[in-house]
Amino acid sequence: MYTKEVMDHFTNPRNVGEMPDADGIGEEGNPVCGDAMKIFLKIRDDKIVDAKFQTFGCGAAIAVSSMVTEMVKGKSLDEALSISKEAVSSALGGLPAQKQHCSNLGAAALHKAIEDYRKKQT
């Protein structure tokens, strides 16, 4: 059973779409379940000013992507890097045990997007 937060972010996902001029892009997938997630970040002065996502997957994966993009807006890169799979799951009011891997994908894709941005800065 999904929480109302999960259902809200699944049925009304925030920040869906591609960001052609993204400063950082992170991709993560799970070949076992087939979920694939891409997070796009716009960064100014070491702060995330915008975030978007494209996700192919179950309702939980879509909800996780939506929540991650909401959680990171306005955060510094270091603050965003501290967002864990547990924090994402908690913000959604919890996920069923068999869907916990979806929160792993969201945090991992976010961290990869930040790494991508930082690589481009050197």
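Positive contributions from Lys and Arg (+1) and negative ones from Asp and Glu (-1), summed over other residues with Cβ under 11 Å from the Cβ of residue 37, come out at -1. For residue 23, the residues whose amide H sits under 5 Å from its own are 41, 42, 43, ignoring neighbours fewer than 5 places away on the same chain, with H placed 1.01 Å from N. Each principal axis of the chain carries a Cα extent, and these read 44, 27, 22 Å when sorted largest first. Sequentially through region 77-87, phi angles give Karplus couplings (6.51, -1.76, 1.60; θ = phi - 60°) of 4, 5, 4, 5, 5, 7, 6, 9, 4, 5, 5 Hz, Gly and Pro residues having no value and appearing as x.
Using the heavy atoms of the protein chains and a 1.4 angstrom probe, tell me the accessible area per residue for region 21-61 in square angstrom.
Accessible surface, normalised per residue, equals 47 Å².
Calculated [222 nm] ellipticity per residue, helices only, for the chain: -14000 deg cm²/dmol; basis is -39500 (n - 2.57) per DSSP H run with n ≥ 4, divided by all residues, nearest 500.
Residues in region 106-122 carry Karplus couplings, in order, of x, 5, 5, 5, 4, 4, 5, 5, 5, 4, 4, 4, 5, 4, 5, 8, 8 Hz; the curve used is 6.51 cos²θ - 1.76 cosθ + 1.60 with θ = phi - 60°, and Gly or Pro positions show x. With all protein chains in place and a 1.4 Å probe, the accessible surface of the chain carries 52 percent carbon and sulfur.
The values are calculated or read from the model by the stated rules, or taken from the named source; none is laboratory data. Being a predicted model, the structure only gives us computed values, none of them experimental. We place every Cβ from the backbone using ideal geometry, glycine too, and count neighbours over all the protein chains shown. In case anyone asks, the SASA skips ligands and DNA or RNA and just uses the protein heavy atoms, side chains included. Shrake-Rupley method; radii C 1.70, N 1.55, O 1.52, S 1.80 Å.
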